[in-house]
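K.L.:
Supplied in structure tokens, the structure appears directly below.
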Amino acid sequence: MRSWRTSATSTSAHANKEAQFYAREGDKVRCSLCPHSCLIADGKRGLCGVREHRAGELFAMTYGLASSIHPDPIEKKPFYHFMPGSTSISFGSIGCNLFCAHCQNFSISRAKIGEMNLTEITPDDVVEYARSSGARSVSWTYNEPTIWHEFTTVASKAAHDAGLKATYVTNGFIQEEPLRQLRGLIDAMNIDVKAFTESFYKKICGGALAPVLKASELAVELGIHVELTYLMIPDHNDKQEEIDNFCSWVANSLNTHVPIHFSAFHPDYKLTSVPRTSEAALTTAYERARKAGIEFVYLGNIWAGDKDDTHCPKCGTKVIQREGFSVRSTNLNGAKCGKCGGELNLIL
């Protein structure tokens, strides 16, 4: 089996991959990959830090460069309704198009080219890593995968050709055209909805909420399996009204069968003075989501008991039991409830 991390390599061979989704505007180029729509002067990079303008062309600096490669339980992403109990080979690079003050992966999301060891990989390498680890899918995660677009799309195609699935763990901050290009390439997305107010996105993340909602709605429309994560940060995004508004949007603009993962915050990066999320706050969010009609609600980063299990929304039967990342399927008939035949929005 291959080592999951190799020594530092030169970025020169991969830094010359021309980016997609940009146009010239005078002596600058306008990137149209994410909603920042950066106007980039010659020799400069966009806000993500990994797309560079050189003499009228935009280049994807991290094409084929990985910071992290590791096999994970698919539940760790988290995906609870996509290939439960399977292994996914996870890849991350560097950079991000948001600037979250609470980022738990800031060592790679804020890293710059040349600052850390990166491993050169090809699409064929991605498939080989998956096969050697026994993975059934490839996950683009750890940092923001949408800014790695040129590589993840080509490598996901190679994964599909090899009989594997491909997933994104993403902030959903992407424009419509590149998102549409993911149809048929990315099978599942866990979209991290950071909060449900524009003020939080502007102040804490340096972004905007509206494009994330639009991208989530489009992903569902495109037939991509979508699960949502909402990290509850005390006194920042955990007010009951905000949680209710989030749940109402899921029910009315997505679907009541889209799984929601409410996760506990732990102090990190620039928000070390904020306390951990209480179990009571998470339980309240769980109950309000269920009251709003959301069929599959889960709690993360705490011991959740049966709130980590999947129950049939039609008859209430427990169909999947979880303990940590250990999964035991019970009362399933294919992807449906074995007792009543109820739909579970489950991809096995």
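The values are calculated or read from the model by the stated rules, or taken from the named source; none is laboratory data. Remember, predicted model here, so these are calculated numbers, not experimental data. Positions of Cβ are generated from backbone atoms using ideal geometry, with glycine treated the same way; all protein chains shown enter the neighbour counts.
K.L.:
Output the residues belonging to region 33-66 that are part of a loop (DSSP other than H, G, I, E, B) and among the acidic types (Asp, Glu).
P.N.:
If the condition is that a residue be part of a loop (DSSP other than H, G, I, E, B) and among the acidic types (Asp, Glu), then ASP42 is the only one that fits.
K.L.:
Something else: Does region 28-36 contain any residue that is in contact with a Ser or Thr (Cβ under 8 Å, 6 or more places away or on another chain) and free of Cβ contacts under 8 Å to residues at least 40 places away in the same chain?
P.N.:
Scanning region 28-36, I find at least one residue that is in contact with a Ser or Thr (Cβ under 8 Å, 6 or more places away or on another chain) and free of Cβ contacts under 8 Å to residues at least 40 places away in the same chain, so the answer is yes.
K.L.:
Kindly provide the set of residues from region 185-217 that are of a type outside the set (A, V, I, L, M) and part of a helix (DSSP H, G or I), ordered by number.
P.N.:
Of everything in region 185-217, those that are of a type outside the set (A, V, I, L, M) and part of a helix (DSSP H, G or I) turn out to be GLU198, SER199, PHE200, TYR201, LYS202, LYS203, CYS205, PRO211, LYS214, SER216, GLU217.
K.L.:
I've got another one for you. If you check PHE79 against the conditions, is it surrounded by 20 or more Cβ atoms within 10 Å (Cβ to Cβ), part of a strand (DSSP E or B), within 15 Å of the chain's Cα centre (by Cα) and modelled with pLDDT of 95 or more?
P.N.:
No.
K.L.:
Could you say whether any residue in region 318-327 is surrounded by fewer than 16 Cβ atoms within 10 Å (Cβ to Cβ), touching a residue at least 60 places away in the same chain (Cβ under 8 Å), not in a helix (DSSP H, G or I) and not assigned by TED's automatic domain parsing to the domain that holds ILE224?
P.N.:
yes
K.L.:
Continuing with this model, one more query. Given the conditions (1) buried (at least 16 other Cβ atoms within 10 Å of the Cβ); (2) polar (S, T, N, Q); (3) modelled with pLDDT under 95, and given that GLN20 satisfies all but one, which numbered condition is not satisfied?
P.N.:
(3)
K.L.:
When both residues are 6+ apart or on different chains and their Cβ atoms are under 6 Å apart, which pairs have a first residue that lies in region 107-134 and is assigned to a loop (DSSP other than H, G, I, E, B) and modelled with pLDDT of 95 or more, and a second that is surrounded by 13 or more Cβ atoms within 10 Å (Cβ to Cβ) and of a type in the set (Val, Ile, Thr)?
P.N.:
ALA111/ILE94; GLY134/THR87
K.L.:
Could you check CYS103 against (1) of a type outside the set (Ser, Thr, Tyr); (2) surrounded by fewer than 21 Cβ atoms within 10 Å (Cβ to Cβ); (3) within 15 Å of the chain's Cα centre (by Cα); (4) more than 22 Å from LYS270 (Cβ to Cβ) and say which number it fails?
P.N.:
Going through (1) of a type outside the set (Ser, Thr, Tyr); (2) surrounded by fewer than 21 Cβ atoms within 10 Å (Cβ to Cβ); (3) within 15 Å of the chain's Cα centre (by Cα); (4) more than 22 Å from LYS270 (Cβ to Cβ) one by one, CYS103 breaks only (4).
K.L.:
Please determine, by comparing only the residues of region 202-217 that are surrounded by 18 or more Cβ atoms within 10 Å (Cβ to Cβ) and in contact (Cβ under 8 Å) with a residue 40 or more places away in the chain, which one is farthest from ASN171 (Cα to Cα).
P.N.:
ILE204
K.L.:
Also, quick follow-up: Name the single residue, out of those in region 252-278 being of a type in the set (A, V, I, L, M, F, W, C) and within 20 Å of the chain's Cα centre (by Cα), that is farthest from SER107 (Cα to Cα).
P.N.:
Only one residue tops the list, namely LEU254.
K.L.:
Which number in (1) modelled with pLDDT of 95 or more; (2) hydrophobic (A, V, I, L, M, F, W, C); (3) crowded, with 18+ Cβ neighbours inside 10 Å marks the one condition that ALA304 misses?
P.N.:
It is condition (1) that ALA304 fails.
K.L.:
For region 172-190, name all the residues that are touching an Asp or Glu at 6+ places or on another chain (Cβ under 9 Å) and surrounded by fewer than 23 Cβ atoms within 10 Å (Cβ to Cβ).
P.N.:
none
K.L.:
Is it fair to say ALA219 is farther than 25 Å from HIS266 by Cα and in contact with an Asp or Glu (Cβ under 9 Å, 6 or more places away or on another chain)?
P.N.:
no
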